[in-house]
Structure formats: C-alpha cells, structure tokens
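Peer 1: Quick one: the structure is below, questions incoming.
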Amino acid sequence: MIPVLALLAGVVLGVVLDPTVPAALLPYLPIAVVAALDAVFGGVRAKLDGIFDDKQFVISFISNVLVAGVIVYLGDQLGVGGQLSTGVVVVLGVRIFGNVAAIRRHLFRA
Amino acid sequence: MSTGRGPERTYAPDFLTELFQNPLDPGYSDAAASRRAGRRPTGWRRSTIRVVTVITLAALGFLLAIAYRQTIEGEPGRAQARAGLVTQIKQRESEADQLTRRADELREDVNRQRDAALSGSDAARLRDLEAATGLGRVKGDGVVVRVADGPSEADAVTGVGGTNLGKVLDRDLQDIANALWSAGAEAVSINGQRLTATSTIRAAGGAILVDFRPVTGPYEVSAIGPGQLERRFRDSAAANLLRQVAAEHGMSFGVRGADDLTLPAASEPQLRYAVPSVSPSPSPSGAARSNSPASPGAGSSLSPSGGGR
C-alpha cells in the first residue's frame, strides 16, 4: 500500500512541479525510464515470489538507471549511441518480459 | 553470483540463456537465502531501508511523470516547427514568384524602351540575338516531349517501398534536352522554363531543378526546330532508352509535333566571372550613357552618335 502511495506521490509531484529537464539529460530520459521499469517489474515479481528485499530493490533501481545512462553516454561519445541504446533496450526489454510473464503466472496461474 | 568456489565448481550458463531463463536479479534470492539463515536487518536499519524504498518509488513516479510530459510536450513542438517551415517555404515561393513576375514586367519595359531608342536594324539584330540566346520569347513549329513518373510502388502514406524505376530523373530530362539540341532544335524549354547556354538541369533530393527552380511532373519539354525535328528526335538514343523504360517500368513518354509553339524568355543570366572580351558598350559609369551597341571592334567606348539619356 505504502509503495503504491509513494509512487502516486511521485507522479503528482512531477505533474505539479513540472520541472524542466536540462537539455543535456534529455537523451537519457527514455532509457532511464526503461531501466526503472525493469527494476520495478523485478521488484513486483520478487514481491509475488515472496522474496522481496528493500535493499536489493533500491540498489537495482539506482544501478539500472545509472548504468543505462552511462552506457548511452559512452555510446554517444564513441559514435555508436543509437546501437548501444538499442542493446540496452533489448536486454531490459527481455528482462521485463520475463518478469511480467512470472507475474502473470502468479496472478492468473496461467 | 554465488557460484560455489568449492570443489565442484558450477559454471553459469552463458549470458543470453541466463537472461531468458531467469530475468530476476539474483540478488533477491540471495537476500531471501540470507534471511532464511536468520540474518535479517532489525531496528533502525530496517526502517531506514524502508524509507529509502519509499523515496525510490517516489523518484520513480517523478521520473515517469516528467518523461511523459517531455514526450507529450515535444510532439506539438516538432509539429509546430514543421508547420512553420512549410509556411515559410510557401511564403518565400510566392515572394519569388512575385519577384519573377515583376522582373518579367520590367524586362518587357526595358525591351520596349530599348526598341524605341534604337534604330530599326539595331533593334532587329538585338532581337535576333536574344531569340538565339534564349533571352527573348520565340515562336515556331516544333515538338513537345512529354514524360511523367510511372506509378509508384511506395506506400502513399508511409512512403516506404521499393525504388520506383519508372520515375523521371534529371538525367532523363538532360538526355531529352541534349537529343533535341542535337536534332537541330533552336529553342528548348522545360515546363515553361527556357534553356540557355548556362541552364542547369539537376536533382536536389527528390526534386528536379531547372535553373535552380523546381519543376514537377508531368514534364513537358518543348522545342522549336526544323521540320525533321520530330523524326530525328524519335530516332535518337535518348528516345529509344526512354521508350524502353516506359515499356518496362510504366513511365509515360510521348512525342508529338506541335505547331505554333511559343517558348518564353529565360531570365537574364548573371555573369559574375566572364566579361565580354570586346567591350561592346560603354561602361555604365561613363558620363555619356550610350545605348547603341558600338560597332564591333571599336576601341573607343564613347560613341558620340549614341542617344544618351
């Protein structure tokens, strides 16, 4: 319950404050969102598996976002930003799919 | 993560297999194992980590919200920029058209004034020269070559599709114009754009530019020339090639003889580097401005007989 409330509070904060994202960070926003979603689905699945761990969740969230950002940054510097972004999205996408499938099995037994 | 360092060492499956089989962070099961072993955080550590989790989730919500807003806000911005550019292009085009019309009017005016100022033979000679160089309107019998793009296989909405082999290229128009010249044409125009000695036919992006002005299909190349012009053009290599392309790829290609064609005048070429080797007329800065072309070879630029005005 509290996590959902916290999530909603964050959304409301984002809508109310309406911060302007610095132009330098704009390219990393989509990849950060995908990385964060991966951490969230991992956390939800762990919760349903009954092995959720706060510390693990926090660390995976922060490291996911940071590593994804760093990889894209490095790719941009090396001139392969687009390809590396694709790689990150593929890996994270596969993980999200796998975790969502596990969540689905938990919820619907199917 | 916890591959045993013991005597029976297990090798983790390769990365992709691991990724597909077990998408969950191994840290969760490690943490659960250590909890089962009885090592669970207690007291303030436990509550701190809870608070951090809540803060992380709030940060996540924040991230989602601003990412959503960025995406939503970016879209109209792009559309607006595009619409703005389109209107600018339209506006500049109409401005250019207006200026061209004005230039044509002024040219007519200049011609009239000049005819009035010149004696009959000089004016006639000048008119002949203008007609030959493409600077004067001409009329006569000739041919009209009409080419148009074949049906495109590309999707009309997405623009995705194979290359259209029946599309008219700048090369095709160049070939037609050259074939017409070599068949004896004395004046050629493409979609009402008269060709001169300095005319260019080239492609920029998907558009064909004649003298840096875009022309769109169907393309009509009109030429005035001798009576055999049509037959000679039909026999030319360019016509054969285009007939073949038309038969195979659906480009439309037609040649017809036409009587009483009128070809417009080309706009005045701007010579920036080339200067006449014999100075035919006095410099404009001269005190007495003479309008009559000096006789060829005349060294003096000031002809006293010129009608100064």
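The values are calculated or read from the model by the stated rules, or taken from the named source; none is laboratory data. Since the structure is predicted, the reported quantities are computational estimates derived from the model, not experimental observations. Every residue, glycine as well, gets a Cβ built from its backbone with ideal geometry; the counts of neighbours run over all protein chains shown.
Peer 1: Would you check if B:Glu220 is within 25 Å of the chain's Cα centre (by Cα) and either outside any loop (DSSP other than H, G, I, E, B) or surrounded by fewer than 16 Cβ atoms within 10 Å (Cβ to Cβ) (or both)?
Peer 2: yes
Peer 1: Using beta carbons and a limit of 8 Å, which pairs, at least six apart or on different chains, have the first residue in segment B:246-262 and over 17 Å from B:Leu180 (Cβ atoms) and the second one among the polar types (S, T, N, Q) and surrounded by 14 or more Cβ atoms within 10 Å (Cβ to Cβ)?
Peer 2: From segment B:246-262, the pairs are B:Ala246/B:Ser252; B:His249/B:Asn164.
Peer 1: Please work out which residue is surrounded by the most Cβ atoms within 10 Å (Cβ to Cβ), limiting yourself to segment A:1-17 and to residues that are under 14 Å from B:Thr53 (Cα atoms) and more than 19 Å from the chain's Cα centre (by Cα).
Peer 2: A:Ile2
Peer 1: Given the criterion more than 11 Å from every other protein chain (Cβ to nearest Cβ) and of a type in the set (Phe, Trp, Tyr), identify the matching residue among A:Phe52, A:Phe41, A:Phe108, A:Phe57.
Peer 2: A:Phe108
Peer 1: Need pairs with beta-carbon distance below 9 Å; first residue modelled with pLDDT under 85 and acidic (Asp, Glu) and within segment B:129-152, second surrounded by fewer than 16 Cβ atoms within 10 Å (Cβ to Cβ) and not in a loop (DSSP other than H, G, I, E, B); sequence gap 6+ or separate chains.
Peer 2: Going by the 9 Å Cβ cut-off, there are no qualifying pairs.
Peer 1: Sort through A:Ala23, A:Ala68, A:Ala46, A:Ala102 and tell me the only one that's more than 16 Å from B:Thr56 (Cα to Cα), small (Gly, Ala, Ser) and touching a Lys or Arg at 6+ places or on another chain (Cβ under 9 Å).
Peer 2: Residue meeting the stated conditions: A:Ala102.
Table: residues versus (1) within 30 Å of A:Ala36 (Cα to Cα); (2) exposed (fewer than 10 other Cβ atoms within 10 Å of the Cβ); (3) at pLDDT below 90; (4) not acidic (Asp, Glu).
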position	(1), (2), (3), (4)
B:Gly38	no, yes, yes, yes
B:Arg45	yes, no, yes, yes
B:Ile49	yes, no, yes, yes
B:Val54	yes, no, yes, yes
B:Ala59	yes, no, yes, yes
B:Ala65	yes, no, yes, yes
B:Ala81	no, no, yes, yes
B:Arg92	no, no, no, yes
B:Arg102	no, no, no, yes
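Peer 1: So, B:Thr53, is that one touching a Phe, Trp or Tyr at 6+ places or on another chain (Cβ under 9 Å) and under 25 Å from A:Leu8 (Cα atoms) or not?
Peer 2: It is true that B:Thr53 is touching a Phe, Trp or Tyr at 6+ places or on another chain (Cβ under 9 Å) and under 25 Å from A:Leu8 (Cα atoms).
Peer 1: Just the residues that are of a type in the set (A, V, I, L, M) and in a helix (DSSP H, G or I), please, taken from segment B:114-150.
Peer 2: Of everything in segment B:114-150, those that are of a type in the set (A, V, I, L, M) and in a helix (DSSP H, G or I) turn out to be B:Ala116, B:Ala117, B:Ala123, B:Ala124, B:Leu126, B:Leu129, B:Ala131, B:Ala132.
Peer 1: Among the residues in segment A:80-90, are any surrounded by 16 or more Cβ atoms within 10 Å (Cβ to Cβ) and within 8 Å of chain B (Cβ to nearest Cβ)?
Peer 2: no
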